[in-house]
Amino acid sequence: MLRWTVWTYQEGEGWSPDQQLPLNLSDFGPSLAGGSSLDCVFAGAKGDSRLYLTRYDHINGWIVAQALPNHYSAAAPAVARYQNKLYCVHRGGKDDEQLWWATYGDQGSGVNEWSADQSFPAHKSSTTPALAVFQDKLYCVHRGAVDDAQMYWTCWDGSSWSADRPVGGWTSSHAPALAVYRDTRRQPCLVCVHRLDDGSLNLIRFTGSDWRPGLNDYPTTLPGKTAKAPALAVFGGDLHCVQRGNGDDKNLYISTMVQGSHSWYGPLRMGESVASAEGASLTVYRAPDGTKDQLFCMHRGV
């Protein structure tokens, strides 16, 4: 069953107790997108590879999840908001490692609905991709298919996806995570955190032209190790990474790079009952009647 917790950026406030999303089951981790609304897309459980969408209502809570019309995935999807639409990128169902994409919004009928799934030109992955908006384009970073651990990147300019290109020589044993941050010279960059074979997490950045290790003076390796994919978000000006423990440790931990510092703080356990068999998802959202941003974390149970 999916669960969620929230953190309000205020001294003395921590993570709220984990809450369940009734009737929302997934074999994989969910994917969150904040902004104008708080949306969650996830694949089903127990052989159900259909994708589902649930949305948070600040009065009534999470609405009943609705299945996407004809969209399937054998791993968690990735979602991001771009040009007033919700974009979803995912690998196919069962043995289909082709990457697919669809959008949720006004497709021309005057009502919000999902577009049909469209396949990428020649982009494949065995696991979950990562999405982020950087320099007015939607970037997708993903691991290769089958035994290809090389990471690749492509971007959507509003009309087409670019050809897949290698992310330098970097590899990943699980799905990567993306966020837009600033390096030590205050220059915006696309940050990617990915898992190495030994469970450690590595940080690289994209400047708009090439991929480079670390954030200038910042270390490239994050503290702690994980058995699954990490999650990234910028909240309160700081860069946050949520990771599941390594090996049999299913607790969720958070590490933070405080803006202007040169090191990571953590990892700190997120709560006594906050645990997951898979990776988590992070996003920032402020309810229509809210006065401050909140950091939302969603994950499946153990």
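The values are calculated or read from the model by the stated rules, or taken from the named source; none is laboratory data. As the structure is a computational prediction, the values presented were derived from the model and not from experiment. When we count neighbours, we look across all protein chains shown, and the Cβ atoms used for this are built from the backbone with ideal geometry, even at glycine.
Restricting Val302, Val234 to residues that are touching a Lys or Arg at 6+ places or on another chain (Cβ under 7 Å), of a type in the set (Val, Ile, Thr) and within 27 Å of Arg55 (Cα to Cα) narrows the list to Val302.
Flag: Leu131 does not match the condition of being closer than 19 Å to Asn246 by Cα, modelled with pLDDT of 95 or more and crowded, with 20+ Cβ neighbours inside 10 Å. If you go through segment 163-177 and keep only what is buried (at least 16 other Cβ atoms within 10 Å of the Cβ) and in a loop (DSSP other than H, G, I, E, B), you end up with Asp164, Ser172, Ser173, His174, Ala175, Pro176. Residue count for segment 119-149, restricted to those that are within 14 Å of Cys189 (Cα to Cα) and either of a type in the set (D, E, K, R) or in a loop (DSSP other than H, G, I, E, B) (or both): 3.
Give the residue, chosen from Ser126, Ser109, that is polar (S, T, N, Q) and modelled with pLDDT under 95. Full working, then the answer.
Values: Ser126 fails: modelled with pLDDT under 95.
Step by step, each of Ser126, Ser109 is checked, and only Ser109 is polar (S, T, N, Q) and modelled with pLDDT under 95.
Scanning for something surrounded by 18 or more Cβ atoms within 10 Å (Cβ to Cβ), over 18 Å from Tyr139 (Cβ atoms) and not polar (S, T, N, Q), does segment 101-114 turn up at least one residue? Yes: one or more hits. Checking each residue in segment 108-117 for being touching a strand residue (DSSP E or B) at 6+ places or on another chain (Cβ under 6 Å) and either touching a residue at least 40 places away in the same chain (Cβ under 8 Å) or in a strand (DSSP E or B) (or both) picks out Asn112, Trp114, Asp117.
Looking at segment 269-302 only, could you name the residues that are over 19 Å from Val79 (Cβ atoms) and outside any loop (DSSP other than H, G, I, E, B)? Residues satisfying the conditions are Arg269, Ala275.
Answer with yes or no whether Ala287 is closer than 19 Å to Ser16 by Cβ and modelled with pLDDT under 95. For Ala287, the condition - closer than 19 Å to Ser16 by Cβ and modelled with pLDDT under 95 - is met. Return yes or no: is Arg91 surrounded by 23 or more Cβ atoms within 10 Å (Cβ to Cβ) and without any contact (Cβ under 8 Å) to a residue 60 or more places away in the chain? Here the answer is yes, as Arg91 does meet what is asked. Give me the residue from segment 3-55 that is among the charged types (D, E, K, R) and either under 24 Å from His90 (Cα atoms) or in contact with a helix residue (DSSP H, G or I) (Cβ under 9 Å, 6 or more places away or on another chain) (or both) and, out of that set, surrounded by the fewest Cβ atoms within 10 Å (Cβ to Cβ). Looking at residues that are among the charged types (D, E, K, R) and either under 24 Å from His90 (Cα atoms) or in contact with a helix residue (DSSP H, G or I) (Cβ under 9 Å, 6 or more places away or on another chain) (or both), I get Lys46.
Among the residues of this structure, Asp27 does not count as one that is of a type in the set (Asp, Glu), part of a loop (DSSP other than H, G, I, E, B) and farther than 24 Å from Cys241 by Cα.
Residues being under 15 Å from Asn112 (Cα atoms) and touching a residue at least 40 places away in the same chain (Cβ under 8 Å): count how many of those fall in segment 39-70. Number satisfying all stated conditions: 4.
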